[in-house]
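Structure record follows, encoded as structure tokens.
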Amino acid sequence: MLDFFQFPGFQKFRVKRKDNYIDTEEIFLDALAHKKEKGVYSMEMALSQKIFQITLISFLFIIIFFLLYSFYLQVFLYDEYLIKSEKNKYISIEIEAQRGIIYDRNMNQLAFNSQKFELQCLIDYLPEDLTLKEKEIREVARILEISFDDLYSNIQEKEKGVFIVAQDIEKEKAIILKTKEKEIPSFNLVNKKTREYLDGNNFSHILGYVSGDDFTGKAGIEKEYNDSLKETTGTINKERDALGELIDEEVISSSKSGNSIILNIDFGLQKKASEYLEEVVNKYGATGGALIAMSPQTGEILAIASNPSYDSNIFSKNLTTQEFNKIISSSNVSFYNRAISGEYAIASTIKPILGIAALEEGIITPNTSFYCDGGIELNDGSYKSDWKEHGWTDLKKAIAESCNVFFYNVGGGYKDFIGLGVEKINKYLSYFGFGSKTGIDLPEEKEGLVPTPEWKKEMFDTTWYPGDTYNLSIGQGYIKGTPLQLSIAVSAIANGGYIVKPKIVKSILDDKKNIIEEFSTEINYTVPISLSSINEMKESMKETVTSSLGTARSLQYLPVSSAAKTGTAETGKYQVYHNWITAFAPYEEPEIVLTIVVENVPNNMGLANLIAREVLGYYFGEKERKQSDEEIVNEAGN
């Protein structure tokens, strides 16, 4: 009656005894009878062989799948997961170091290192576990008192690298973040380096500035001496456990602060010169100007000013692009250093060079005189004018009163008198450094231009006319020079014929303020001219100050003796000129050469004279200037 128990799958479940077998169905029948007595009619039976086989095969398949997947992960993806594991285990953090300090010649600190706290999220090190990830972010949001949702969303948008969570963090919050760093290991509190400058507007063209991104010099001394000033950052590895907790730190490389620099610049003189230049430019309606003060004996630059200027400190501020563009687009802001890059017609300041050339070539003596009736008429009927009638004029008077006619004769010749000519003029201009860079340790220096007939032919496809030589003889026309070049040339007259190399930096110090490099006086070359010609020109330039008709006679009221030459360059605009002066003092033993140009001066006012009088008075300790501004402004000639 229980034939269904006879299928083959059940035969293997028979119980074997010594002499016979008990069939499976007998066991089930006995159990059924037993349960019937108790009123229970359920019946149990063994799994079929087919079901068992399917279950066994499925189980084996799952085991094999996981074994193969484990093999795939451990062999084919080993490198990838090893990198991820190491990233989760270690965080590399930079050890900050300080950029070198910049001082003036009297150890007044001009450039400072400061810090602003910035919190970074290291995206690659965030926990993969969402709970741990949210925990870190939530803690940061709580400390900074910002929205968790906003912070979480912003971090999610960043796939890798570093996300700046906050800048300019208050010191109190920074302290809390520092104490919580074990709880937020994926966040890094950075002392963001900033560079600040003392009196940034007056020193910007000397000091320059550093980039806010990589903290490297981008202008001025910061750029020129970046390799010396630049610090070397170190690296520290922070090790974390599986829960992200900090367990160890290891210094991989040490940090090293940059070297410091001492300048030849005098803080007080620089401040005075820059501020007074700006004051005069603004007061009298000029558009800009430049000033160089240097030692003619050593080449040390004592002051260098350019107007308009800019404030180096703007690069340390977290300005928006719009705010930054508004600042730099102002007419009162300029990154152009006119003192070394401004190329101007040098006007009558060229005349001392022409005078020396004429003496050296033997075409004049100190007593040679020409009559000036206000100009000369050329063979083609054109007229080269002077700024006034000077009468009979020798070299001293020609320099003192800035007589054009004298130098028309000397440079281009006139009637029976044979002048130097363009080739000889250019030879002596080159002797004194015009047309070449001076080698100053500042970037962006320009070399100016000493024009030649060949240059004119190439540029304009036209010949060199006698009028071009006459223009060159009084520093007009195509010639271009920088205020620094003129300072170097006049220094050679003041020091007896040496072309010195101008130097901003005096020495370099290590991080313990020990001198590791000191810059001594460097003579580029000696001008091949006689000392007698130099001395004759020095006496002539002294007449510019001491003569009652001298064009820089206000300097005679200084506490020391001096010599000078003024100039007025045409601009092509009616009654608008570039106003020049170059002077050295004391006359007997010169310790300073001062050169000034003021751009686009209306009505030929002597603004350069006014600035020179004020700056030299300050330098030599004058307590009160006796002359009024108006007296000085109106004394200028040509």
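The values are calculated or read from the model by the stated rules, or taken from the named source; none is laboratory data. Fair warning: this is a prediction, and the values are worked out from it, not measured in the lab. For neighbour counting, all protein chains shown are included, and Cβ atoms are generated from backbone atoms with ideal geometry for every residue, glycine included. Only protein heavy atoms, including side chains, enter the accessible area calculation; ligands, DNA and RNA are left aside. Shrake-Rupley method; radii C 1.70, N 1.55, O 1.52, S 1.80 Å.
So the values come out like this:
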{"item": "Restricting region 330-430 to trypsin sites (Lys or Arg not before Pro) in coil, as DSSP defines it, with at most 12 other Cβ within 10 Å", "result": "Lys415"}
{"item": "Rounded, prolate or oblate (a/c below 1.5 giving rounded, otherwise prolate when a/b exceeds b/c) for the chain by Cα gyration tensor", "result": "prolate"}
{"item": "Extension gain from Lys326 to Glu630, taking 0.36 nm per residue of separation minus the Cα-Cα distance", "result": "105.8 nm"}
{"item": "Overall form of region 393-491 per C-alpha gyration tensor (a/c, 1.5; a/b vs b/c)", "result": "oblate"}
{"item": "The chain: relative contact order in percent, alpha carbon pairs under 8 Å with at least 6 residues between", "result": "13"}
{"item": "DSSP-assigned coil residues among GluC sites (Glu not before Pro) in region 462-535, each with at most 14 further Cβ atoms within 10 Å", "result": "Glu522"}
{"item": "Sequence of Val210, Val576 when ordered by accessible area, the most exposed leading, probe 1.4 angstrom", "result": "Val576, Val210"}
{"item": "At least 27 Å along the helix axis (C-alpha) and Kyte average at least 0.5, DSSP helices within the chain", "result": "49-71"}
{"item": "Residues Ser253 and Phe620, FRET efficiency given R0 of 51 Å [Cβ-Cβ distance, rounded to 0.05]", "result": "0.45"}
{"item": "Inter-centroid distance (Cα atoms) of region 196-235 relative to region 301-334, Å", "result": "14"}
{"item": "Cα centroid of region 472-542 to Cα centroid of region 578-605, whole Å", "result": "15"}
{"item": "Gain in span if fully extended, Tyr574 to Leu549, counting 0.36 nm per residue against the direct Cα distance", "result": "6.4 nm"}
{"item": "Dipole of the chain, positive direction: furthest Cα of Ser70, Leu56, Gln627, with charges on the beta-carbon", "result": "Leu56"}
{"item": "Inter-label distance, nm, simple model (7 Å from Cα along the C-beta direction), Tyr152/Ser211", "result": "3.8"}
{"item": "Length gained when the stretch Leu68-Asp168 is fully extended (0.36 nm per residue, less Cα-Cα span)", "result": "30.7 nm"}
{"item": "For region 351-367 and region 387-430, distance of Cα centres in Å", "result": "9"}
{"item": "Three-way shape label, region 359-413, alpha-carbon gyration tensor, a/c 1.5", "result": "oblate"}
{"item": "Ranking by accessible area, most exposed first, for Ile57, Ile236 with a 1.4 Å probe", "result": "Ile57, Ile236"}
{"item": "Phe417-Leu130 pseudo-label distance in nm [points 7 Å out on the Cα-to-Cβ vector]", "result": "9.7"}
{"item": "The chain: antiparallel DSSP beta bridges as a percent of all, rounded to 5", "result": "95"}
{"item": "Solvent-accessible surface (1.4 angstrom probe) belonging to Glu539, in square angstrom, nearest 10", "result": "80"}
{"item": "Cβ-Cβ FRET estimate between Ser561 and Ile515, R0 fixed at 30 Å, reported to 0.05", "result": "0.25"}
{"item": "With all protein chains modelled, accessible area of Lys173 [1.4 Å, Å²]", "result": "40"}
{"item": "Tyr408 accessible area, assembled protein chains, probe 1.4 Å, Å²", "result": "10"}
{"item": "Charge dipole magnitude, Cβ of K and R +1, D and E -1 - region 171-312, Cα centre, debye nearest 20", "result": "260"}
{"item": "Protein-only accessible surface order, largest first, of Val527, Val333, Val251 at 1.4 Å", "result": "Val251, Val333, Val527"}
{"item": "Label-point separation, Leu531 to Thr232 (7 Å along Cα→Cβ), nm", "result": "5.0"}
{"item": "R0 of 41 Å, Cβ-Cβ distance Glu181-Thr287: FRET efficiency to nearest 0.05", "result": "0.15"}
{"item": "Helix-only [θ]222 nm of the chain, DSSP H runs n ≥ 4, -39500 (n - 2.57) each, per residue, nearest 500", "result": "-11000 deg cm²/dmol"}
{"item": "The chain, dipole about Cα centre (Lys/Arg Cβ +1, Asp/Glu Cβ -1), debye to the nearest 20", "result": "780"}
